[in-house]
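Q: Right, I'll just put the structure down here and ask away after.
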Amino acid sequence: MIRNLIVILVLLPLNLFGGEDIDKYTKLVNEVSRYYSSNWNLPYSKIDVKQKIDISFCILDLRTYWKEKLISRDTYDLSEIRPRLRKMSPYETKEISFGIISLMKRRSGLHFMDSSTRDKTYQKLKAVHVFCKNKVFKKTLLDRKSESYTPPLFEGRIPLGKDETRGEVQGKKDNNWIAPVKGETSLFKRIEYIQKAKKSIFYQTLDFSGDPTGIRVGDELINKRSQGLEVEVMVDGLSNLFKTSTRTILKNTKILYNNMMASGIRVFGYSCKGRIIANEFRGFDIDKLLRRAHEKFIIFDEGLESQKAIMGGINTNFKYFRAITPGKDSWKDYDIIITGNIINEITQAFKTNLKDRKIRYKNYKYDQSCLNPYDPITQKKAYLLFQKEKTKPFKAPSRDEDMVTDKDIKSHLNLILRDPKHKKLKWFHADRTRFILSRPEEEENYIYDAHIDLIRSAKKEVIIANQFFIPDEKIKRALRDAANRGVKIKIITNSNKVNKLGELMVIVGRWHYIDIILSRHPWNTGRFDYDWNPSQIEIYEFVGKEGEKQSTQMGWYHTKMLTIDGVLTLIGSYNLDYSSQRNSESSMIIESEELTQHFNNWFKEDISYSEKVKYEYLYPYRNPKPGKYRFKLRFGKKIEHYL
């Protein structure tokens, strides 16, 4: 009896995973790979959700949609992860979870409205798991897999992609107009458009600081909410806990968020009772702390003829608006103002992000303590009473440093808002536009892919203007290949002279210069020819001073742009470093010769405030002499993939 049982157990894997079982596996995969509908019960609302399963070579891809837009995406290796029935679902649904990872992320289960459908699907997924966990079967399956490179498709000069987070390419008929602006003008127009808004304001940014500029913007938003407009704000709460200039600004940032909540503006990323860090976790997903919400865009009057949007790299902070005496805290950056149908893509991205946060954040019960529940029009008396009781006064500067900074910002803020030159904009009609997102948490990084595709498509010129430039091997290879084709390449990034804030990133970025500029030079042999002219690539480091005149001093270079052949511009929140490959980001690709030339002229001005990297610097940047610089470089290289 025991001998027969042993024989059966030995032979079972051989019989179960024979060649014909590929067909059984394929049949099971086809049966479960489809859409599933469910209704999720979130705090204060219910949403209809569709989820789709795709299984390829034992990798399960689970995507969650709201109104046909991707909210979240997760992948699981069914050879290692077993599907399980979950008794307690946070959304009052019947759920299948996928191992401890699914529980950690708290969003990535497969949800059903009835137990019967769930149980049938569960049995099929469990059977797929049994196939996949057998190493012999999985190897047989993977042997059938073949990989081939498919060149990207283009519409005009704009690359196309298969990612869910891509936007559609829009043409001249969509009547998209773009106005490039610098920091001061961006602040002026933000306040102007808030004051003129008639229906709604959707505001998403990384930093929203409680300095005088942020407080002024916040007061304008509060005023519009009191008039009955729909106002929603999303910030990266964790960044705003640490990325402040003074103690007073840190305290006032929390007060600013509290006061917006007291006026009925839900500030996602903030929690009334100090549970900001708890917001950043999804279950026990500690890696979330490394993935920041880095997007920056504002939409005014959704759906109205007067609708406008602002996007780019500028946060709501006095540094970006240059609202201070020129110096290290007077930063250089650009935004674009947009009209036309492309705004619909930006609006949908905002609403999708909003749904994602409603699913993610678990602190609604705490936020009831300061979030105004009353309508400012139909329940005006109760609204005003709640607002008065919960609104807090801002802190006055308590130190000499804080006092000087506060006074300086207020003075420059008044100058900016009174300056008539910011009223007029120079508009450019776009031949083609495309709004794109990167959401690495959903395993999509289309902006990175777009950089690669655009550099590969370049015929004459590539200009990269980036706050941080820490290229990976794929970016370096694309740049070298373009230079070898005769494409002229200019890169503008920060030096370690303008600000100590990112010195480590500058040092690590310099390590890569030699790989790009001297791509064909045998520098690693120790014989270094400084007179050799190796390529078409020039790198400039922003120092914030114009030659020896030093008539104007600027701080950190925060720009994030790419132009190709004088006809195409990519602008947004994306840096060419490893952090942006983890963060959620947004960018716009614009095909317009006039607009691109306008930006290129601005870059010529930026170069005048920069120093060209000389060939003789390249080898010391890679192998510096013993000292502090080498210590920082070695430390930075160890943590490079986290920078």
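The values are calculated or read from the model by the stated rules, or taken from the named source; none is laboratory data. Predicted, not measured: the structure shown is a model, and the values here were computed from it. Using ideal geometry, Cβ is built from the backbone for each residue, glycine included, and neighbour counts are taken over all protein chains shown.
Q: For the stretch 571-608: of the residues being small (Gly, Ala, Ser) and under 12 Å from the mean Cα position of the chain (by Cα), which is farthest from Ile346 (Cα to Cα)?
A: Here the answer is Ser579.
Q: Kindly indicate the residue of the stretch 571-588 that is part of a helix (DSSP H, G or I) and small (Gly, Ala, Ser) and also surrounded by the fewest Cβ atoms within 10 Å (Cβ to Cβ) among those meeting that condition.
A: Restricting to residues being part of a helix (DSSP H, G or I) and small (Gly, Ala, Ser), the top hit is Ser579.
Q: Among the residues of the stretch 364-387, count how many are of a type outside the set (Phe, Trp, Tyr) and modelled with pLDDT of 95 or more.
A: So the count comes out to 11.
Q: List pairs: first in the stretch 476-497 and in the same structural domain as Leu576 (by TED's automatic domain parsing) and under 17 Å from Leu576 (Cα atoms), second part of a strand (DSSP E or B) and modelled with pLDDT under 90, Cβ under 7 Å, 6+ apart or cross-chain?
A: The qualifying pairs are Leu479/Ile537; Ile489/Ile537.
Q: For Trp602, which of the numbered conditions (1) under 20 Å from Tyr320 (Cα atoms); (2) modelled with pLDDT under 95; (3) out of contact with any His (no Cβ under 8 Å at 6 or more places or on another chain); (4) not hydroxyl-bearing (Ser, Thr, Tyr) fails to hold?
A: For Trp602, the failing item is (2).
Every residue, every condition in (1) touching an Asp or Glu at 6+ places or on another chain (Cβ under 7 Å); (2) more than 24 Å from Ser584 (Cα to Cα); (3) in contact (Cβ under 8 Å) with a residue 60 or more places away in the chain, yes or no:
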site: Thr347; (1), (2), (3): yes, no, yes
site: Lys355; (1), (2), (3): no, no, yes
site: Ser369; (1), (2), (3): no, yes, yes
site: Tyr374; (1), (2), (3): no, yes, yes
site: Lys407; (1), (2), (3): no, yes, no
site: Lys410; (1), (2), (3): no, yes, yes
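Q: Still on this structure: Please specify each residue of the stretch 30-51 satisfying the condition of being buried (at least 16 other Cβ atoms within 10 Å of the Cβ), at pLDDT 90 or above and either outside the structural domain of Gly99 (by TED's automatic domain parsing) or not aliphatic (A, V, I, L, M) (or both).
A: Those that are buried (at least 16 other Cβ atoms within 10 Å of the Cβ), at pLDDT 90 or above and either outside the structural domain of Gly99 (by TED's automatic domain parsing) or not aliphatic (A, V, I, L, M) (or both): Tyr36, Ser38, Gln51.
Q: Which one is surrounded by the fewest Cβ atoms within 10 Å (Cβ to Cβ), of the residues in the stretch 589-617 that are closer than 21 Å to Glu503 by Cβ and touching a helix residue (DSSP H, G or I) at 6+ places or on another chain (Cβ under 9 Å)?
A: So the residue we want is Tyr617.
Q: Before we move on, is Ser438 in the same structural domain as Met561 (by TED's automatic domain parsing) and either polar (S, T, N, Q) or part of a loop (DSSP other than H, G, I, E, B) (or both)?
A: For Ser438, the condition - in the same structural domain as Met561 (by TED's automatic domain parsing) and either polar (S, T, N, Q) or part of a loop (DSSP other than H, G, I, E, B) (or both) - is met.
Q: Can you tell me which residue within the stretch 618-634, out of those that are in contact (Cβ under 8 Å) with a residue 24 or more places away in the chain and within 27 Å of Thr559 (Cβ to Cβ), is surrounded by the most Cβ atoms within 10 Å (Cβ to Cβ)?
A: Result: Leu618.
Q: Also, quick follow-up: Out of everything in the stretch 179-212 that is hydrophobic (A, V, I, L, M, F, W, C) and out of contact with any strand residue (DSSP E or B) (no Cβ under 7 Å at 6 or more places or on another chain), what residue ends up being surrounded by the most Cβ atoms within 10 Å (Cβ to Cβ)?
A: If we filter the stretch 179-212 for residues that are hydrophobic (A, V, I, L, M, F, W, C), which is where we start, we get 179, 181, 187-188, 191, 194, 197, 201-202, 206, 208.
Now drop any that are not out of contact with any strand residue (DSSP E or B) (no Cβ under 7 Å at 6 or more places or on another chain), which leaves 187-188, 191.
Working: Leu187: 26, Phe188: 20, Ile191: 17.
That would be Leu187.
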